[in-house]
Amino acid sequence: MDGEGRTSGLVKSAAVKLSEMGERTKELGTAMKDPHRQRRIVLVIVCVALLLDNMLYMVIVPIIPDYLAELESEQSEHVHVVIHPNSSVNSTSQDKSNKNNLDIQIGVLFASKAILQLLVSPLSGTFIDRVGYDIPLLIGLSVMFVSTCIFAIGENYATLFVARSLQGLGSAFADTSGIAMIADKYTEESERRTALGIALAFISFGSLAAPPFGGILYEFAGKKVPFIVLACICLADGFLLLTVIKPFSNRTRANMPVGTPIYKLMVDPYIAVVAGALTVCNIPLAFLEPTIANYMETNMHSTQWEMGITWLPAFFPHVLGVYMTVKLAAKHPHLQWFYGALGMVIIGASSCTVPACKTFGQLIAPLCGICFGIALVDTALLPTLAFLVDVRHVSVYGSIYAIADISYSVAYAMGPIVAGQIVHNFGFVQLNLGMGLVNVLYAPALLLLRNVCQIKPSHSERDNLLEEAPQGLYDTIKMEERRAKKKGYRSKGNCLPVDENGFRAQRSVSEESSGQEYT
């Protein structure tokens, strides 16, 4: 009887929990009907996706080199070595050769994600413009989930290389569609800056917290556990996306305008300047990540835990930079180009001071300066990309943030491969001086954005679009509304509203008798 009572109790408790989950799901579905709640839920989903992607990008830093070294040593134990009189010399030279080969393999493995992301992003941007933001985000999360599972079970270099490359494919869809979705949902410039700032904070936390997270779990629980945890987070975020946003039933893109092709956006001089700034400002971070640990071990004799938490303190100045830029841009939105230029100067100065540091404590300051400067640049220029699309092209954001993704990928594709070669051929000091100089010299180029940032958002889309006439009913009606607003007709009641299907409302008899004219 006791067993039956316990079983019935467990069944009842399970039924109660299921009903509670159903009620919460219904509450989420109801919340999605409210535009403000909908935006917040979308922001949470996107931020979790960005956090996951950047954690997966950096979590392998303390895991994979050590794991591949163990695999290399295990394989070498099974190889029969013929002992010669100068066997010690041969073994020493062989060890150096094996280490060089291992370093090359690690560099290629790290860069493969950014390389594939660089190749896929132009295609994913066009795809996002055509089908919307939700389905590509689901595709990205699904591919990242598969990639994370392969990382967990992979036991050789080829399998890990496939997992890393798949992550780049997933990131090309998830990152681009996620940022574009935020820009689409938050149309006001101040709200858009705040939302993108929150997303950047999640990106920063994922990048900087992942190495210690992965290192600790790898040390005490093994290689599989960090990736299993990230796979569970990915699965939960995908489930939330399917439950709340319902990407396969939400087909609002049918009535939206056609986005500007990505090749036209790339030749826009203002967008090109912003894209170049995003690449240049991320070069120090991308080039220092694979080289700073070896420099610390050689010159500072740092311990493993110091090398593991090198970038963690930089998270706080990065969040501070995001917060400051959002607040300053709210008061002085016409100075966003200046915030970006100031960030590049700070990055340049901080990069030049890295080789002068002799202790772990001294090194923290310039690394924090680099991340603070990157926060200024990213927070100022990512909303500027959406603004440029609004005022010079069509307000569809897939391709424009694919360009931003390409800009980041260029830096992180070169970093693991090129940085080591520069240090080997020229030295660590010359690497940092070069990166600092490039950032300082590029900062004045942002002066080109000085006048663009002063354009009012009401002059958006086809009004200022280069030599293009309105295309279709949607564009024609929107242009007429903007022109009427400029002439003051709306305040006089002369501009009729437009219904959800794009047709003007009929004028009432009383309005016609009052002598009002429709233009």
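Computed from the coordinates by the stated procedures, all read-outs in this text should not be read as laboratory data. Quantities reported herein were computed from a predicted structural model and do not represent experimental measurements. Don't worry about glycine lacking a Cβ; one is built from the backbone with ideal geometry, like all the others, and counts go over all protein chains shown.
Before moving on, here are some points about what is shown:
- Comparing Cα centroids, the range 319-347 and the range 118-164 end up 32 angstrom apart.
- For the range 369-418: rounded, prolate or oblate by the Cα gyration tensor [a/c cutoff 1.5]: oblate
- Remark: the residue 239-residue 330 segment gains 29.3 nm on full extension, using 0.36 nm per residue and subtracting the alpha carbon distance.
- At q = 0.17, 0.19, 0.25 Å⁻¹, base-10 log of I(q)/I(0) for the range 100-159 (Debye sum, equal scatterers on each alpha carbon): -0.74, -0.85, -1.10
- Label-point gap, in nm, between residue 430 and residue 156 - each point 7 angstrom along Cα→Cβ: 4.0
- Listed residue pairs exceeding 26 Å between alpha carbons, taken from 185/331; 113/224; 264/327; 224/358; 185/327: 264/327; 224/358
- Overall shape: oblate for the range 190-247, with the ratio a/c of the largest to smallest alpha carbon gyration tensor axis at 1.5 or above and b/c at least equal to a/b.
- Tensor-based shape of the range 119-239 (alpha-carbon gyration tensor, a/c under 1.5 rounded, otherwise prolate or oblate): oblate
- Per-peptide average of other Cβ atoms within 10 Å, ordering 203-216, 266-279 highest first: 203-216, 266-279
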